[in-house]
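Report on one structure; see the data block that follows.
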Amino acid sequence: MENILEILYNLPMENIHERDASFVKAARVRREQLEQLTASMTDEQQELLDAYLDTRSKFEDMIDFDRFRFAFHFGAQLMAELMRGKGAELLDRAGT
């Protein structure tokens with residue numbers, strides 16, 4: 001059974017990215033450049049590149065999940081402290 005962090009992390013993001021013009025443009029440029037690169041490669045080179053990209057993607061997924069988990073825990077801890085009334089205490093210490 002997945003834990004709550006995995007469920008939240010794996011929510012679909014397609015709709016968010018499809019509405020972001022700069023993301024759509026960057027994705028198109030990336031796809032075009034990859035197509036140009038692979039067109040000039042041998043089959044063996046393409047297989048090696050595919051293996052590299054798969055490994056890189058898995059690594060980036062792990063890093064992204066760690067970032068998400070940290071931010072989620074940080075946000076939850078911050079909310080818990082605010083709910084316990086520590087928010088005013090923290091603001092007083094900050095001089096606000």
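The values are calculated or read from the model by the stated rules, or taken from the named source; none is laboratory data. Small disclaimer: the values here were computed from a predicted structure and weren't measured. For neighbour counting, all protein chains shown are included, and Cβ atoms are generated from backbone atoms with ideal geometry for every residue, glycine included. Each accessible area value is taken on the protein alone, full model and side chains, heavy atoms only, with ligands, DNA and RNA left out. Shrake-Rupley method; radii C 1.70, N 1.55, O 1.52, S 1.80 Å.
Applying 1/(1 + (r/R0)^6) with R0 = 25 Å to the Cβ-Cβ distance of Thr38 and Arg67, what FRET efficiency is obtained, to the nearest 0.05?
Calculated transfer efficiency: 0.25.
Kindly write out, for region 36-44 in residue order, the coupling ³J(HN,Hα) from the Karplus curve 6.51 cos²θ - 1.76 cosθ + 1.60 (θ = phi - 60°), rounded to whole Hz, with x marking Gly and Pro.
These are the phi-based 3J(HN,Hα) values: 5, 5, 5, 5, 9, 9, 6, 4, 5 Hz.
With a/c under 1.5 counting as rounded, go ahead and sort region 1-74 into rounded, prolate or oblate using the C-alpha gyration tensor (a ≥ b ≥ c being the square roots of the eigenvalues; past the cut-off, prolate if a/b is larger than b/c, else oblate).
Working: a/c = 3.11, a/b = 1.63, b/c = 1.91.
Verdict is oblate for region 1-74.
So how exposed is Lys58, as accessible area in Å² (1.4 Å probe, rounded to 10)?
Lys58 exposes around 140 Å² with every protein chain in place.
Work out, step by step, the length gained on full extension between Ala76 and Ala51: first 0.36 nm times the residue separation, then minus their alpha carbon distance; give nm to one decimal. Don't skip to the end; give the middle numbers.
On the way: separation 25, 0.36 × 25 = 9.00 nm, distance 3.75 nm.
The Ala76-Ala51 span can extend by a further 5.3 nm.
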